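The values are calculated or read from the model by the stated rules, or taken from the named source; none is laboratory data. Since we're looking at a predicted model, the values are computed, not measured. Ideal geometry is used to build each Cβ from the backbone, glycine not excepted, and the neighbour counts take in all protein chains shown.
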């Protein structure tokens with residue numbers, strides 16, 4: 001991959017990938033991530049739900065933590081080994097879910113995430129699914145813990 005200017009990236013087959021300003025903002029300045037391993041370990045102790053997913057096809061791995069109070073997500077943090085699209089998608093998703101009820105957070109789709117980012121290159125749409133799947137697993141873990 002080679003960067004040709006601020007917004008255009010060429011894939012390994014020479015195709016152009018145009019990233020929106022929102023994708024670049026969330027890639028270069030991801031929200032709700034951990035600053036250290038210690039911070040992650042501390043957050044994990046009090047997390048109400050943790051979801052982890054991976055995609056062998058592209059090598060991305062995602063771990064998402066949520067805290068819930070009175071049926072609403074009050075904190076969402078995450079960690080990934082992924083590409084720019086996975087990072088940007090999960091960053092914006094983490095912002096989207098804070099303050100939402102569990103039911104409303106569960107309704108967020110990968111298409112909602114891509115729309116909030118103002119689009120992704122077609123070849124990178126699958127990356128938006130990682131954060132979504134990790135969130136669904138974190139919600140499942142929370143609901144299981146609650147029972």
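Residues in the stretch 61-96 that are over 22 Å from residue 21 (Cα atoms) and either assigned to a helix (DSSP H, G or I) or without any contact (Cβ under 8 Å) to a residue 12 or more places away in the chain (or both): 69, 70. Across the stretch 97-140, the number of residues qualifying as in a helix (DSSP H, G or I) and either farther than 17 Å from residue 75 by Cα or in contact (Cβ under 8 Å) with a residue 60 or more places away in the chain (or both) comes to 25.
So that you can scan it fast, the table gives a plain yes or no per residue for (1) at positive phi; (2) at pLDDT 95 or above; (3) exposed (fewer than 12 other Cβ atoms within 10 Å of the Cβ); (4) in contact with a helix residue (DSSP H, G or I) (Cβ under 9 Å, 6 or more places away or on another chain):
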{"position": "16", "(1), (2), (3), (4)": "no, no, yes, no"}
{"position": "24", "(1), (2), (3), (4)": "no, no, no, yes"}
{"position": "49", "(1), (2), (3), (4)": "no, yes, no, yes"}
{"position": "68", "(1), (2), (3), (4)": "no, yes, no, yes"}
{"position": "73", "(1), (2), (3), (4)": "no, yes, no, yes"}
{"position": "102", "(1), (2), (3), (4)": "no, yes, no, yes"}
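Among the residues of the stretch 115-122, some residue qualifies, meaning at least one is out of contact with any strand residue (DSSP E or B) (no Cβ under 9 Å at 6 or more places or on another chain) and surrounded by 16 or more Cβ atoms within 10 Å (Cβ to Cβ).
So that you can scan it fast, the table gives a plain yes or no per residue for (1) closer than 14 Å to residue 138 by Cα; (2) surrounded by 14 or more Cβ atoms within 10 Å (Cβ to Cβ); (3) modelled with pLDDT of 95 or more:
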position: 3; (1), (2), (3): no, no, no
position: 19; (1), (2), (3): no, yes, no
position: 62; (1), (2), (3): yes, yes, no
position: 76; (1), (2), (3): yes, yes, yes
position: 94; (1), (2), (3): yes, yes, yes
position: 99; (1), (2), (3): no, no, yes
